[in-house]
Structure formats: C-alpha cells, structure tokens
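K.L.:
First, the structure itself, so that you have it in front of you.
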Amino acid sequence: MPSALQLLWLVPALPLAGFLANGVLALRRPRAKHAVSIIGVGVLLAALALAIVIVLAFLREGTPGPLVFPYWEWMPVGDLHVTVALQLDQLSAVMLLVVTGVSSLIHVFSVGYMGEDPGYARYFAYLNLFVFFMLVLVLGASFPVMFVGWEGVGLCSYLLIGFWFNERINADAGKKAFLVNRIGDVGFLVAMLMIFAHTGSLDFQPLFAQAPKLFTPGGPGVTAITLLLFLGCTGKSAQIPLYTWLPDAMQGPTPVSALIHAATMVTAGVYLVARCNVLYALAPVASAVVAGIGALTAFFAATIALKQWDIKRVLAYSTVSQLGYMFLGVGSGAYAAGIFHLVTHAFFKALLFLGAGSVIHALHHAYHATHSRDDAQDMRNMGGLARHLPWTATLMWVATLAIAGIPPFAGFFSKDQILSAAFSLGDVHPLWYVYWLLGLLTALLTAFYMTRLMLYTFHGPNRTGERELPHLHEAPWVMTGPLVVLGALSLAGGALNVPALLRGREWLEHWLEPVTAVAARLRPGIEVPHGTEWALVIAAVAAAGLGIVAAVRLLRPEELVPARLAPAERGFARVLWKKWYVDEIYDFLFVRPLIWLSREVLWRTIDLGLIDGAGVNGAARLSRALGWIGSRLQTGQLGFYVVLFVGGVLAVLWTAVR
Amino acid sequence: MLLGPSLAVSAVLFALGVAGVLLRRNAIVIFMCVELMLNAVNLTFVALAQSLGVAGQIFVFFVMAVAAAEAAVGLAIILAIYRHKQTVDLQNINLLKG
Amino acid sequence: MSLTQLVFWTFSALAVGGAAMCITRRSPVASALWLVQTLFSLAALFVVLDAQFIAVLQVLVYAGAIMVLFLFVIMLLNVGRAGPSDLKGPAGLAVATLLGGLLFFQLLRGATPSTAGTPGGNVMAQLQQEQGIVGAVARPLFSQYLIPFEITSVLLLAAIVGAVVLAKRKL
C-alpha cells in the first residue's frame, strides 16, 4: 500500500495538535495573535493538502472496497471488540475533502473576523478541536469511533456557541444546543446497543456486508434500529422535533455558524444515514419516515424564515430547511443525491454565512465608531449595502441563486435530483407525491425568503443611519478571499454530478457506487420516463423563478424602518415571526414539568426529605432514640436490675429446657 | 420414691425466694430470701444424692460453707452502706444510676 | 401413706408455709424467725432423705450461726421494728407473682423428665450401712474432695478478713 494512505491518521491528528498548541497559548499567552493564526490556520491547510494527496492515492489505487486502518484495541470486553480504526472509502473521501476544505477557508476568514477578540487563541483552539472531532466522525470505521466524533462535535458546538459566555443569552444557547443534542444521542446509543445485540459487531465493513443476511428486510429489528439512529440525526442535524437549538446557536460567532451549523456538524446526520444506507434499504418504513420528516421540516422551516428579521436567523432556518432536503434525498434511496446536496450546500451556505459575517462586521465597526447600541444583525438596520460592500453583495447573489436552484448554479443539480427521486417513489405509495409537493413548495419559499434577505440587506434605501454611513466598508481580503473561493465552488459545483438527462456523466453517483451498491440492489430505484423528468425539472426551476419574482414584486424595502422604531408583527405574520410558538410549546410541555419535577420531587421530596431527612438525620435520630431507651435502663435501682435478671433466667430456661 | 415430691418442694421454695427478692425493699430481708433460695437448692442436691450417690451431700456441705462466708461479707457490706446512707431501703440507693 | 411420707409432707408444708410467711412479714425480725423455722423443717426433710449429717449441719451452721448473724445485724442497725409496709407497691407485687410463678412452672417442667431416668434403689442408705452415717460423708470428703475442702478454709479466711475490713469505721 502506498505510503500516503498510511498517513490517514495524520489528517485528524494535525488539528488535534493545533488544539493542544493553541490551548496552551490561550492559557499562557492569550495575546500571541500571530502564533495562534499561523498554528490554527497552518494545521488546517496542512490537513487539507494531506487529504488531497491521500484521496489522489486512493483514486490511483483503484480498490473498490473500503480501506480500514486499525490502530489499537480500545475495548475488548467479552464478545465485544472495539478497535480504534479509521476507514477510507469513497464516501468518507468526499466528506474528508469537504470538511478540510471548507474548514480551511473558514479558518482563514476567522483570522479577519475574530482579529480583535480577546479570546482569539481560545477560539482557534476550540475550532481546531472541532475539526479533529469532525474528522474522527467521518473517518471512523465503526459506530463507537464515530460516536466519539459525534459527541465531540456536540461538545465543541457548545463551547463555541457559548464563546462569549459572559452574556447569559449566549451561555443559555450553548446549553440548549448540547441538551437537545443529547436527547437525540440517546437514540444513537440505543441503536448501537441493538445493533450489537442483533449482530455482535459494530464495525462498518463486516456489518454492512452481512446486514442483508442478519436482518429480516422490513422487520421490526432493523426498523427500530434505523428509527433510533434517525432520532440521533434529528438532534444533530436539526430536524423536527429536535431542531430548536439551531436558531439559538446563532448567538455564537458567525464563522462558527458557517462551519458548524451549516457546512459540517449538522451534516453528520445525513452522513450517518448515507453510511448506513444498507440498513435503511432494509427498512423501507423507516426510510419513508426519514424522507417524510425531512420534507416536513424543509417546508416548516422555510415558512418561519419568511418572517425573520435577524439575518443569521433567516440563514439558520434556511439551513434546517436544506437539511430537510438532504434527508428527503437519502430517505428516498437517492443516497448520492443527498450527499451531493450536502456538498453543494456546504459551499453556498458557508458563503452565505461568511457573507453575512462581512455585513455584520461592517455594521459593528460603524456602530462602534458612533457608539450606537443598535442591533448589527437586524435587516431592518441594513439596506442599500451593495454600494458599500460590492464584493460581498455579488458573491451572496451567487449563493442565493445557488440555493434557490437556478441553473447552472450548484444547487439546481442537487435539489433537482432529490425531487426526482421522491417523485419516482410515488409509484410505490402516493405519500411520496406529497413529499415531492412539499419539496417543490419549499423551493418556492426558499427563493422567496432568500431574495427578501438580499433585497432588505443590499438594495433599497439605507436605514443604518447618517452618522454610520462613512464607516461602512468592504471587509479586508483575508475575509473576502474565502468568499471568492466559495463563490466559485457554488457556481461550478454542479459539475460534480450532472444528471444523465442533461447529458452529464453523473460523476459523483458513480464514484459512490461501491458504497451504495448493496442498498441499490435491495431497493432498486424506479426509473422515471424522460418526459416526466423534464417536467419535474421545469417545475422546480419555475418554482424558484416564481419565488424570486414574487419577492421582487411584493416586497417593499423602502417601507421598512430601523429596528428600534419598528412595530411588532401582527396576526399570521406574528405566528411565523414567533416560529409557530414551538419553543414556547416545548417550554410548557417539557421544560417546565421537568423543572417542577426536579425541584419539587427530586430535590425537595427525595433529596431533602428522604435522603437528608430520613437517611442522614433519621439515622442520627434513631441513634439518639436508641440511646435514650438505653439510658432508661440505667436506673440505678437494684430491684429493677433483679427483675431484668430473673427475666433473663426465665428466657434461658425456656430455650434450654425442652 | 420421694425424689419427685422433693424436687417439687424445692421448686416451690426457690420460686418463693425469687418472689421475695423481687418483692422486698429491706436489704437484709432480700438477703434472707437469697438464703432461702440456697436452701432450696440444697434440698435438690440432697434429694438427688439419695439415688445418685454421696456427691450430692458433699456439695451441700460446700454450699453451706460458702453461704456462711457470703453471709458474713454481705452483711458487712450492708453495714457499710447503712453507715453512709442511714438506710437499708434499696429503693433509695441508686448510686449506679446513669 | 407410710410414716416416712407423712413426715415428709408435714415438714414440707411447714417449710413452704414458713417461707411464705418469711417473705411477707413487715418486720425483719419476724422474717428472720420464720426463716429459721423453714430451715428447721428443711433439716427434718434432710433426715427423711437419708442425709442425717447434713441435717445436723443445717441446724448448727445455718440456723444456728448464719441466722444468728442476721439477727445481730438487724439489731445492730435497729431496723427490727415493723415499719410501714416494706413491700413494693401493686406493680411490684404483680411482677413478683408473675415471675415467681413462671419460674416455678419452668422448674417443674425441667424437673419432671429427670426423675424418670434415675436408677431405682436407695444408694445413700446402702452407703450408710457400709460406712456409717458420718463415714459415708467423711470418707469422700477427705479423699476425693480434699482439695475443695482445703480451699474452703482459705475461702472462710478471706471472708473473715473481708468482713472485718468492710465493717470497720476507719481503715
């Protein structure tokens, strides 16, 4: 085996070393900015270079099967043998490049964005740690190793969301993210245990090879396992019902939102389903659930995005919505399409977030200069910024067209394949038509709200204020450079998987075939006649176009007022603005009863009453009582002692003389 | 032949002695009831000696010797207590209390 | 009923009656004298049971010396007069009766099986015929039981010393 492949372990090890080095710097010399920048960005660029070399070596190798590199025996317990091992196959190669690539760009961007933050070293330490865990997640060769990465990225998400923890709202957001994720993780854990109970193995390669023999297709075992795994996905990838943490996660720094909550961590759920495609192919009911929840989430989140004013919230709900598309894809059996959308989404969503970061950065500077306390993230305080931030505006339009699904931008190809796959399954069950319809409507809404975002932010009259205007300017090159790269990728990324319909070579689909072959055999895709396919394509593009045009015609940016003067929303708009009151409902149904339970039952009754009262204090009281009884016996009266004596004699006689 | 009845009489005397110890307050009378118990035991020994051999009577001999010694010492103690407390009523003597 | 039995039962009744009187009299002197009566009756019983030597010892030592000592002490402490009721209250009476009764029944229960296993025959009478009344007791006393005999003398010495020390006014 060529030597480059042997260095697979080095790819995650580099960011880990970066974490350690930056961590030490954060503790000892927090102001050593240059060192932190060089180490933090350097390890990522090195990891990216190494990843490219390894994938090229893998390509040249030509082995279809996964290459597993075991390192050491972690948990040999009875029948369970968990080894720390990394796996390189077509799917993990794709993820590897996406993670290292997009992470590198965001690290570079962060140098500019976080340059003046006192926690600079800590930030890069956490960011490096996150990349390490994400790489462990995508390169893991077994469920436990993947779970280490799964939990690790959750931890880093918490650390980075609550990065500015001095403010209560940021710390709360971090906690919310971690706790909601944990609920999903229970599903993952139980699924892991069930897999082991059914099959005795937790390693991917042998498990997926044997799965068709070990599980009854459509049986309760594999359905339960896949549904529980999906519960973990709803937590990590923010689907219904566990998506509520993602909008709150926008409290963290914008590059964090771009990296973790757009491009990489939230896609872990999609990766998991794609990785376990054999299991999902064996459980069509579960796959339908996956697709259904994906479609529903996509539509639901898009409706909320229509009425959000915070620019990052719009993008957060957009992420939830696009993740729904990805799950619709993998739920329909179109695993390659889902992964394709994952990749293209990473490009344009990261671009959107980083662009929003540029805007926020500019507004912050302006408000700082004029000592204003206005919200730098509220779109009602923006407007007409295309004049001041031309590069950012142009690149964000590229991303908007990509996400809307306008050809030839990247999003068009990926979204279209997913919708076709969903529609094709309508032959099996009419419910799939509903999913397709939801997806189509979501495309319309996506185009609408993204255009809304662009109109309110970059066009129309400026609402930031007369005194702030001179301070608004484009971001430095260290921030705009990565935007350009991502813009190019959003434009050209579609080339990865041009469908046969358009005389493309479907390169990604074929590349992933070794991974999806078994699933494709178990659940063969249904061919849609060319005419229908063209109709679907045109419908999708038409929906997107309609959304954009409607936004341009219906919305009136000139009627907006700055945020501090804006009236509250009314009626149905208020419901959308308040996110369909889901957070309030969850608070009422789950959080409050849980807090009540903890305070009244667990604390007051059990802890104070039982354990302290009956247990600790009770034992003391019992001792005292027994002691008091004992002291009553010491009367000093001889007659009393004699009575006891005779009583004892009687007892002895009674037992001894039989 | 008289063994059974002798043992019964001895039992009665012993029980009466115990009842007396529990009943009386005067230390000297309690002591006398203890002597009564010892005598009941002596009767048992003698009754059994009739059928089992002379060892019983030898034992009675020693019991009497010990009873004598014990009476001497015990009464000396009661005297000493009387000197301190001016009473031999056991209900008032509770130095062992606590 | 034979003469032996008649004598036995008579003196048994006297002994038990005397004991009952002893424990219930209010005056300690009365109690002591009733005890003396009980001891005498017991001595008679000893005679009936072929323990004549012991009977004499009973009269001489027990009734004659020990009880005299008791009376001396009673007189010395001047508690001989019949004081107010010396007995404990109703509670004490109940407890005493109860425990005494229980004890009596327990002892009876223990006593009855043992009588079944005794060999018949009057061993003592036989011994007395061979060695004489005193000899039957004396011979084993000075041969088999010599050491306890000697130790008893030490015991008596200790008792004397102890009594003297305890009763002194000043050590």
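K.L.:
Mind giving me the FRET efficiency for A:LEU431 and A:ILE585? R0 is 30 Å, r the Cβ-Cβ distance, nearest 0.05 is fine.
P.N.:
0.70
K.L.:
Further question: Convert each backbone phi in segment B:8-18 into a coupling constant with the Karplus relation 6.51 cos²θ - 1.76 cosθ + 1.60 (shift: θ = phi - 60°), then list the ³J(HN,Hα) values in order as whole Hz, x for Gly and Pro.
P.N.:
Values per residue, Gly and Pro as x: 5, 4, 4, 4, 4, 4, 4, 4, 5, x, 4 Hz.
K.L.:
Can you tell me the length gained on complete extension of the stretch A:ASN617 to A:ARG553, counting 0.36 nm per residue apart and subtracting the Cα distance?
P.N.:
15.6 nm
K.L.:
Using 7 Å Cα-to-Cβ label points, what is the C:THR4/A:ALA656 separation (nm, one decimal)?
P.N.:
Here the answer is 3.2 nm between the modelled labels.
K.L.:
Find which of B:LEU7, B:ALA27, A:LEU455 sits farthest along the positive direction of the dipole of the protein assembly as shown, computed with +1 on the beta-carbon of Lys and Arg, -1 on that of Asp and Glu, about the Cα centre.
P.N.:
Toward the positive end, the furthest listed residue is B:ALA27.
K.L.:
Can I ask one more? In square nanometres, what is the average projected area of the Cα convex hull of segment A:127-242?
P.N.:
Over all viewing directions, segment A:127-242 projects a mean Cα-hull area of 7.5 nm².
K.L.:
Separation of segment A:502-567 and segment A:582-658 by C-alpha centroid, Å?
P.N.:
Rounded to whole Å, the Cα centres lie 69 Å apart.
K.L.:
With no solvent and one point per C-alpha, what does the Debye sum give as log10 I(q)/I(0) for chain C at q = 0.10, 0.16 Å⁻¹?
P.N.:
Scattering profile of chain C, log10 relative to I(0): -0.62, -1.31.
K.L.:
Using only Cα atoms, tell me the angle between helix A:33-61 and the longest principal axis of chain A; keep it within 0 to 90° and round to the nearest 10.
P.N.:
80 degrees
K.L.:
To the nearest Å, what is the center-to-center distance of segment A:89-139 and segment A:265-282, using C-alpha atoms only?
P.N.:
Distance between centres, Cα-based: 22 Å.
K.L.:
Here's something else I'd like to know. So what's the back-of-envelope 222 nm ellipticity for the protein assembly as shown, counting only DSSP H runs of four-plus at -39500 (n - 2.57) apiece and dividing by all residues, rounded to 500?
P.N.:
-23500 deg cm²/dmol
K.L.:
Here is a follow-up. Per the Kirkwood definition applied to all pairs of different Cα atoms, how many angstroms is the hydrodynamic radius of segment A:66-191?
P.N.:
On the way: mean 1/r = 0.0616 Å⁻¹.
The answer is 16.2 Å.
K.L.:
Suppose a student asked you for the relative contact order of chain A, using Cα pairs under 8 Å spaced at least 6 residues apart; what percent would you report?
P.N.:
Value for chain A: 12 percent.
K.L.:
Shifting gears a bit: So for segment A:343-485, Kirkwood radius off the Cα pairs, Stokes-Einstein at 25 °C and 0.890 mPa s: how many µm² s⁻¹? Don't jump to the answer; show the numbers that get you there.
P.N.:
On the way: Rh = 16.6 Å.
In µm²/s, the coefficient rounds to 148.
K.L.:
Per residue of B:33-42, how many C-beta atoms from partner chains lie within 10 Å of its own C-beta, taken as a mean?
P.N.:
5
K.L.:
Normalise the Debye intensity by I(0) for the protein assembly as shown, one equal point scatterer per Cα, no solvent, then take log10 at q = 0.08, 0.09, 0.11 Å⁻¹ and round to two decimals.
P.N.:
Evaluating at q = 0.08, 0.09, 0.11 Å⁻¹ gives log10 I(q)/I(0) of -0.73, -0.91, -1.27.
K.L.:
Using only Cα atoms, tell me the angle between helix A:311-331 and the longest principal axis of chain A; keep it within 0 to 90° and round to the nearest 10.
P.N.:
80 degrees
K.L.:
Using a simple charge model, +1 on the beta-carbon of Lys and Arg, -1 on the beta-carbon of Asp and Glu, nothing else, what dipole does chain A show about its Cα centre, in debye to the nearest 20?
P.N.:
1240 debye
K.L.:
Ok, one more. With a/c under 1.5 counting as rounded, go ahead and sort segment A:605-651 into rounded, prolate or oblate using the C-alpha gyration tensor (a ≥ b ≥ c being the square roots of the eigenvalues; past the cut-off, prolate if a/b is larger than b/c, else oblate).
P.N.:
It is prolate, given that a/c is not under 1.5 and a/b is the larger ratio.
K.L.:
Now for a different question. At R0 = 41 Å, how high is the FRET efficiency between A:VAL285 and A:LEU56 if r is their beta carbon distance? Nearest 0.05 is fine.
P.N.:
The calculated FRET efficiency here is 0.50.
K.L.:
Another question, if that's okay. I'd like to know how segment A:418-481 sits against the 2.2 N^0.38 Å rule of thumb: what's its Cα Rg over that expected value?
P.N.:
1.95
K.L.:
Would you order A:HIS510, A:HIS471 from fewest to most other beta-carbon atoms within 10 Å of each residue's own beta-carbon?
P.N.:
Exposure proxy ranking, most exposed first: A:HIS510, A:HIS471.
K.L.:
Would you tell me the mean number of C-beta atoms belonging to other protein chains that fall within 10 Å of each C-beta in C:69-78, as a whole number?
P.N.:
Details: counts 5, 8, 1, 1, 11, 7, 0, 4, 12, 1.
Per residue, the number of nearby Cβ atoms from other chains is 5 on average.
K.L.:
When the scattering of segment A:74-120 is computed by the Debye formula from its Cα atoms alone, each counted once and equally, what is log10 I(q)/I(0) at q = 0.17, 0.21, 0.27, 0.28 Å⁻¹?
P.N.:
-0.70, -0.78, -0.93, -0.95
K.L.:
Okay, moving on. By average Cβ neighbour count within 10 Å, what is the ranking of A:190-201, A:559-570, B:57-68, B:29-40 from highest down?
P.N.:
Ranking the peptides A:190-201, A:559-570, B:57-68, B:29-40 by packing returns B:29-40, B:57-68, A:190-201, A:559-570.
K.L.:
Take each complete run of DSSP H in chain C, measure how far its Cα atoms stretch along the helix's own axis, and keep only those covering 20 Å or more with mean Kyte-Doolittle hydropathy at least 1.0; list them.
P.N.:
Numbers: long enough: C:3-24 (32 Å, 1.52); C:28-48 (30 Å, 1.92); C:90-116 (40 Å, 1.10); C:146-167 (32 Å, 2.38).
Those that pass (Cα extent of 20 Å or more, hydropathy at least 1.0) are C:3-24, C:28-48, C:90-116, C:146-167.
K.L.:
Ordered by packing density, taken as the mean number of other Cβ atoms within 10 Å over each peptide's residues, highest first, how do C:152-164, A:424-436 rank? Write out the running numbers ahead of the final one.
P.N.:
Working: C:152-164: 14.2, A:424-436: 17.6.
So the peptides C:152-164, A:424-436, ranked by packing, come out A:424-436, C:152-164.
K.L.:
Report the residues of segment A:261-302 in range of a label on A:ALA224: point 7 Å along Cα→C-beta, backbone N strictly under 18 Å from it.
P.N.:
Label zone hits: A:279-280, A:282-287.
K.L.:
Further question: How large is Rg over Rh for segment A:226-325, taking Rg from the Cα atoms and Rh as the Kirkwood inverse mean of 1/r across Cα pairs?
P.N.:
1.00
K.L.:
Which angle between 0 and 90 degrees, to the nearest 10, do you get for helix B:55-85 versus the longest principal axis of chain B when only C-alpha atoms count?
P.N.:
Between the helix axis and the principal axis of chain B, the angle is about 10 degrees.
K.L.:
Something else now. Sorted by mean Cβ packing within 10 Å, highest first, what order do the peptides B:85-93, A:39-47 take?
P.N.:
A:39-47, B:85-93
K.L.:
Let me ask another. Wrap a convex hull around the Cα atoms of segment B:20-98, take a quarter of its surface area, and give that in square nanometres.
P.N.:
6.3 nm²
K.L.:
What nm distance separates the two modelled labels at A:GLU167 and A:SER598, each placed 7 Å from Cα along Cα→Cβ?
P.N.:
Roughly 2.4 nm, to one decimal.
K.L.:
Other chains' Cβ within 10 Å of A:628-634 residues: what's the mean?
P.N.:
Working: counts 0, 0, 0, 2, 0, 0, 4.
Average neighbour count from other chains, rounded to a whole number: 1.
Every read-out reported here was derived from the displayed coordinates using simple, explicitly stated rules and does not represent laboratory data. Here the structure is a predicted model, which is why all the values come from computation and not from measurement. Here Cβ is always computed from backbone atoms with ideal geometry, including for glycine, and neighbour counts include all displayed protein chains.
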